[in-house]
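What follows is a set of notes on a single structure, which appears directly below.
What follows is calculated from the coordinates using simple rules that are stated; it is not laboratory data. Source: prediction; values computed, not measured. Glycine also receives a Cβ, built like all others from the backbone with ideal geometry; neighbour counts cover every protein chain displayed.
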Amino acid sequence: MIYNLTVPAIKAVFFDLGGTLWAPFGDRARQEVLEEATRELVREVYRVLRESIEPEVFMASLKGKIDGLKDVPSPGLQEDILRELTSLRRRANLDPESLPNLSLFREVDFSATVRDSLKDAGVTLDADRVAQVASHFAAALCAGYKTYPDTLDALDTLKERGFIVGVVSNTSIPPEIIDRYLLESGILERVDFRVLSSETGWRKPHPAIYREALDRAGASPCETLFVGDRFLEDVAGPKSVGMKAALCRVEGPSPGGVPEEFLPDLQVLDLHELLANI
């Protein structure tokens, strides 16, 4: 489905990762993967420290610290965020720090979150041990990903056509862990760069992460297309800084009550359909 045919020549294409290029938990539910990764963490803590922890306590603490980042905002909060994104779109020099709702999108420190959750479960580790255990936990969370069948072909085709291709993803997982699986999947060698919220400190839809990607691409917003499966992070956020946006792998209409300026320029069911429209 094409909403806007007035797309100027596109030079760069940025992709969301989870839900767009790969399924982060494969065919499994997020909770199932979290529980299994927690069991791995419990074993790792016992291996390095010979101390036992209660996995339920750790998981409850972790859930309280990170789940808010994963949730779809309430309708009221989304409206407030859209108002702030509208202000950004209309005033390019507006300081994002003056927008309180966008300030909620600061990324958490993964190692510190694991450390604090372990402490809540009765285990205190030094910095080196925290880094070791957190890395093990992060790898266990990511290991079950599955790349979508059309991903590698689409990336190859875009590169053959001369596009600058990047990945822009929200993740609290440390960059070195994500890179391990991007390399394993074949995605890393097919893109020019990747920008992760765990390195920029800001999650989509905060403008900082998009601007970092534009800087790395050497592209202007008007010649860049952002592709993703989530409205706020992958359509409204990119459009607030002047990019075009394609909503991918989502059936049905865009959310109701959305200002026209934040409607996707394209809506496609898969990456093959995307390629046919750019």
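Lysine pair count for the chain with Cα-Cα distance under 26 Å and sequence separation of 8 or more or different chains is 21.
Cα gyration tensor of the range 81-189, axes a ≥ b ≥ c as square roots of the eigenvalues: rounded (a/c below 1.5), prolate (a/b > b/c) or oblate? Oblate shape, in that a/c is at least 1.5 and b/c is the bigger or equal ratio. Dividing the C-alpha radius of gyration of the chain by 2.2 N^0.38 Å, with N its residue count, gives 1.04. As a test of the formula, what do you get for the chain when each DSSP H run with n ≥ 4 contributes -39,500 (n - 2.57) and the sum is divided by the residue count, at 222 nm and rounded to the nearest 500 deg cm²/dmol? The per-residue figure over the chain is -13500 deg cm²/dmol. On full extension, the segment bounded by Thr113 and Glu251 gains 46.2 nm, given 0.36 nm per residue less the C-alpha separation. Placing a label point 7 Å from the Cα of Glu261 along the Cα-to-Cβ line, the residues of the range 83-103 whose backbone N sits under 13 Å from it are 83-94. Here the range 30-142 is treated as a sphere whose radius is the Kirkwood value from Cα pairs; by Stokes-Einstein at 20 °C and 1.002 mPa s it diffuses with a coefficient of 134 µm²/s. Toward the positive end of the charge dipole of the chain, about the Cα centre and with charges on Cβ (Lys, Arg +1; Asp, Glu -1), which of Leu34, Ala276, Cys222 goes farthest? The listed residue farthest towards the positive side: Cys222. By DSSP, the beta bridges lying fully in the chain are antiparallel in about 15 percent of cases. Each Cα pair under 8 Å and six or more residues apart adds its sequence gap; the mean of these over the residue count of the range 30-142 is a relative contact order of 41 percent. Peptides 229-237, 265-273, 120-128, ordered by how many other C-beta atoms sit within 10 Å of their residues on average, highest first, read 229-237, 265-273, 120-128. Over the range 209-269, the Kirkwood radius and the radius of gyration, each from Cα atoms, give a ratio Rg/Rh of 0.97. Backbone geometry of the range 218-230 corresponds, through the Karplus equation with coefficients 6.51, -1.76 and 1.60 at θ = phi - 60°, to 3J(HN,Hα) couplings of x, 10, 7, x, 5, 10, 10, 10, 9, 10, x, 10, 10 Hz, x marking Gly and Pro. Computed from point charges on the beta carbon alone (+1 for Lys and Arg, -1 for Asp and Glu), the dipole magnitude for the range 30-142 about its Cα centre is near 240 Debye.
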